[in-house]
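Below is one structure, written out as C-alpha cells, with a few remarks after it.
Every number in this text was worked out from the coordinates using simple rules, so none of it is lab data. Computed from a predicted model, the values in this text were never measured in an experiment. Here the Cβ positions follow ideal geometry from the backbone for every residue, glycine too, while neighbour counts run over all protein chains shown.
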Amino acid sequence: MNKKIVIAILVFLVVGFLAWLYFKPAKITTTQSTNDTAATADITISNFNFSPSSFTVNAGQKVGVVNKDSVQHSLTSDDKSFDTGLLSTGREGSFTAPTVPGTYKFHCAPHPDMTGTLIVQ
Ligand SMILES: [Cu+2]
C-alpha cells in the first residue's frame, strides 16, 4: 500500500476525531418537561372503584388517572366536561379539570355504578 495514502487516511481519521471531539453536541441534560403532564396518577382505578373517590384539584389542573383493574374503565364527568376515555389494564390517562370551580360528579362509562366526585377550587 502506498505510504502516502496510509498517512492521508490516518490524518483524515485524526482530524475527523478531533473535529468530532470539538463539535460533538453537548450532552443533552434537559429532560422532557413534565409541566403539561401529570407526573403521577392522582386517581387510581381498581376493583371497580375510584380511589380516592373524592378528589380536590385547582381549576384547569391536569389530573392523572391509572387503571389498575383487570377490565377497561374510564373516568368520565357526568356533564361530559372531562373524560379520560377508556383505559385498558395498566394504562394511564389524564384529563384537564374544568376551569370553573365547583363540584363535578364523574363515573365510569362502561360501569355507571362506579362514581366519584371532583372538587374544583
Ligand atoms: Cu369501569
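Structure data summary
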{"read-out": "The range 43-120 - percent relative contact order, Cα under 8 Å, separation 6 or more", "value": "34"}
{"read-out": "In Hz, Karplus ³J(HN,Hα) per residue of the range 107-121 (6.51, -1.76, 1.60; θ = phi - 60°; x = Gly, Pro)", "value": "8, 9, 4, x, 10, x, 6, 7, 9, x, 10, 10, 9, 9, 10"}
{"read-out": "Distant-in-sequence amide H partners of residue 114 (H built 1.01 Å from N, under 5 Å)", "value": "108"}
{"read-out": "Amide H within-cut-off set for residue 41, under 5 Å, with H built and near neighbours excluded", "value": "none"}
{"read-out": "Potential lengthening between residue 56 and residue 115 on full extension [0.36 nm per residue; Cα-Cα distance subtracted]", "value": "19.7 nm"}
{"read-out": "Efficiency of FRET from Cβ geometry, residue 79 and residue 41, R₀ 25 Å, rounded to 0.05", "value": "0.65"}
{"read-out": "For residue 87, distant residues with modelled amide H under 5 Å away", "value": "73, 74"}
